[in-house]
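See below for the structure under consideration.
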Number of protein chains: 2
Amino acid sequence: MTTAQTPPAPDQDTMALLGLAAEFEFESFVRLAGDSALAPSIAERQVIARSATRALERQDRLVARIAELGGDAAQAMAPFDGVIEDFEQRTTAGTWSERLLKAFIGYAVADDFLRLLAEGADDASRELVASLLGDPDYAELVVGQLSVVLSDDVAASRLALWGRRLVGDALAVIQGAVVRNPAFGRLLARGSATDGTVGEDRVQRVFAVLTAEHTRRMERLGLTA
Amino acid sequence: MTTAQTPPAPDQDTMALLGLAAEFEFESFVRLAGDSALAPSIAERQVIARSATRALERQDRLVARIAELGGDAAQAMAPFDGVIEDFEQRTTAGTWSERLLKAFIGYAVADDFLRLLAEGADDASRELVASLLGDPDYAELVVGQLSVVLSDDVAASRLALWGRRLVGDALAVIQGAVVRNPAFGRLLARGSATDGTVGEDRVQRVFAVLTAEHTRRMERLGLTA
């Protein structure tokens with residue numbers, strides 16, 4: 001550094017959030033690219049491949065925000081290396097529908113968690129994180145694919161069971177992340193909840209919010225959560 | 001089809017070329033995305049991830065050209081499903097440098113082969129294929145990474161040996177593709193070679209050209225081919 005004045009140190013909690021989000025998007029890119037190769041048709045393959053490139057674009061925007069705040073992207077992302085691995089290893093999808101549902105639920109729960117964390121960050125970072133989440137094309141693919149499978153009652157109840165296992169896994173991974181990273185607890189406590197809870201109560205509330213969002217999503221898919 | 005007149009059937013040899021190229025680019029996308037996750041640093045990871053998304057963009061342009069010629073992309077690509085697998089399975093890279101060199105050589109030999117095939121296609125398809133080939137950022141990454149490794153004589157001679165094995169594998173895969181797909185023999189025979197060879201001689205020449213290009217590349221890397 002040759003500047004006369006050192007810029008103020010970036011807020012470390014926000015750096016943790018942006019690092020987690022950037023690493024999550026990068027690993028989503030890798031997973032989705034791998035999934036695209038397994039898709040049963042070339043049309044589905046293209047949708048998933050494009051979702052992968054969009055995840056990488058989201059990573060780029062998060063990396064740019066980290067730089068804007070004076071942080072180092074590699075340093076911010078490093079603690080979260082392998083963040084998706086833990087979720088992946090808990091349960092192995094047996095069919096293409098299970099694989100799709102697993103990715104869909106995993107990404108959705110992670111998105112919700114990132115949005116809740118971002119409520120404790122500065123305005124620009126919070127708006128950035130909120131704007132990045134969700135991928136309508138991918139959601140549409142999953143809904144379309146599963147609606148075919150769900151016309152079979154046996155398959156539907158198997159998938160509903162699978163969905164329950166997945167959300168349990170996703171919440172356990174998030175709980176582990178909150179325990180290991182005090183920054184996340186602080187961000188959650190700092191966030192202004194619409195339900196009026198603050199501080200520690202707010203941290204407790206997070207898991208109720210994540211579960212409720214999951215239930216809504218499963219209903220949208222026609223699965224009993 | 002409800003149109004009164006059926007459009008002329010697209011040239012099947014060109015469809016085979018464009019289908020192969022599109023499938024190759026798609027599978028390159030998947031492989032590069034997977035490689036990006038293995039990169040030893042976040043900087044390298046980003047370069048490789050971006051190369052992956054560029055491969056998908058190239059696939060998109062090839063798919064658009066197939067549609068322009070009245071072909072069906074899924075149908076054109078399907079016969080080449082797993083095209084990179086054969087090359088991947090022949091030899092397993094033991095180190096990151098070997099992995100980088102493998103991808104670099106594999107893509108480069110494939111690019112050369114596609115360019116030679118394209119000489120037998122219509123002008124627009126030929127120009128499209130020629131314009132798509134090569135990824136300077138990825139090449140720069142490989143050259144930079146290997147130049148560090150090559151300062152060690154033992155590592156350099158190991159990598160030179162590895163490079164010889166790889167080009168043998170790549171040429172064997174291409175030979176298999178030409179034997180299985182008469183369209184490729186016809187495209188190669190139709191191409192106007194700068195060395196004046198035509199027809200069957202031209203098909204024979206292809207392997208000499210691919211070997212010569214490989215030797216030049218290995219020299220650029222400082223490896224004795």
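For the reader, a short list of remarks on this structure follows.
- For B:Ala189 and B:Asp137, the FRET efficiency from 1/(1 + (r/R0)^6), where r spans their Cβ atoms and R0 equals 41 Å, is about 0.70.
- In degrees, nearest ten, helix B:123-132 long axis to first principal axis of chain B (Cα): 20
- Amide N of the range A:87-130 lying under 20 Å from the label point, which is placed 7 angstrom from the Cα of B:Glu85 along Cα→Cβ: A:93-97, A:99-100
- Interface area, A with B, accessible, probe 1.4 Å, both sides summed, Å² nearest 100: 1600
- Counting all C-alpha pairs of the range A:66-225, share separated by more than 19 Å (%): 59
- Teacher prompt: B:Asp201 distances to equivalent labels in other copies, 7 Å Cα→Cβ, nm: 9.0
- Placing B:Asp201, B:Asp111 in order of accessible area, with the largest value first and a 1.4 Å probe, yields B:Asp201, B:Asp111.
- Computed with every protein chain present, the accessible area of B:Tyr138 is close to 10 Å² [probe 1.4 Å].
- Rounded tilt (10° steps) of A:96-118 against the dominant C-alpha axis of chain A: 30
- Counted charge near A:Ile174, where neighbours are those whose Cβ lies closer than 13 Å (Asp, Glu -1; Lys, Arg +1): -2
- Rounded to the nearest 20, the Cβ-based charge dipole of the range A:79-225 about its Cα centre (Lys and Arg +1, Asp and Glu -1) stands at 380 debye.
- Modelled this way, with points 7 Å down the Cα-to-C-beta line, the labels at A:Glu57 and A:Glu127 are 2.0 nm from one another.
- For the range A:1-145, accessible area per residue (1.4 Å probe, heavy atoms of protein chains only), Å²: 41
- The residue among B:Ala103, B:Ile66, B:Ser125 whose Cα reaches farthest toward the positive pole of the charge dipole of the range B:52-125, with charges on the beta-carbon of Lys, Arg, Asp and Glu, is B:Ala103.
- Charging the Cβ of each Asp and Glu at -1 and of each Lys and Arg at +1, and nothing else, the dipole of the protein assembly as shown about its Cα centre rounds to 500 debye.
- Debye intensity ratio I(q)/I(0), log10, the range B:17-81, q values 0.17, 0.18, 0.23, 0.25 Å⁻¹ (C-alpha model): -0.57, -0.61, -0.82, -0.90
- With label points defined 7 Å past Cα in the direction of Cβ, position A:Arg220 shows copy-to-copy spacings of 4.7 nm, given to one decimal and shortest first.
- For the range B:135-224: relative contact order, % (alpha-carbon pairs under 8 angstrom, 6 or more apart): 32
- A simple spin-label model places pseudo-atoms 7 Å from Cα toward Cβ; at B:Ala64 and A:Thr95 they are separated by 3.8 nm.
- For chain B, the longest principal axis of the Cα atoms and the long axis of helix B:12-38 meet at an angle of about 30 degrees.
- Expected 222 nm ellipticity per residue - DSSP helices of 4 or more, -39500 (n - 2.57), all of chain B, to 500: -26000 deg cm²/dmol
- Divide the volume of the convex hull around the Cα atoms of the range A:1-139 by the residue count and you get 105 Å³ per residue.
- Whole-number percent relative contact order across chain B, with pairs defined as alpha carbons under 8 Å at least 6 apart: 23
- With label points defined 7 Å past Cα in the direction of Cβ, position A:Gly70 shows copy-to-copy spacings of 6.5 nm, given to one decimal and shortest first.
- Kirkwood-Stokes translational diffusion coefficient of the protein assembly as shown, alpha-carbon pairs, 25 °C, 0.890 mPa s, µm²/s: 101
- Heavy-atom accessible area, 1.4 Å probe, ligands and nucleic acids excluded: residues of the range B:9-29 down by at least 40 Å² from chain alone: B:Phe26, B:Phe29
- Among B:Ala33, B:Ala43, B:Ala78, the residue with the largest mean-square fluctuation in a Gaussian network model of chain B, with springs joining Cα atoms closer than 10 Å, is B:Ala43.
- Of B:Arg31, A:Arg186, B:Arg205, the order by accessible heavy-atom surface (1.4 Å probe, DNA, RNA and ligands excluded), from most exposed downward, is A:Arg186, B:Arg205, B:Arg31.
- Chain A holds its axis-closest Cβ, relative to the rotation onto B, at the residue and whole-Å distance A:Ala33, 2.
The values are calculated or read from the model by the stated rules, or taken from the named source; none is laboratory data. Please read these numbers as outputs of a predicted model, since none were measured by experiment. Reconstructed Cβ throughout: ideal geometry from the backbone, glycine too, with neighbour counts over all protein chains shown. Calculation scope for accessible area: heavy atoms of the full protein, side chains included, ligands and nucleic acids excluded. Shrake-Rupley method; radii C 1.70, N 1.55, O 1.52, S 1.80 Å.
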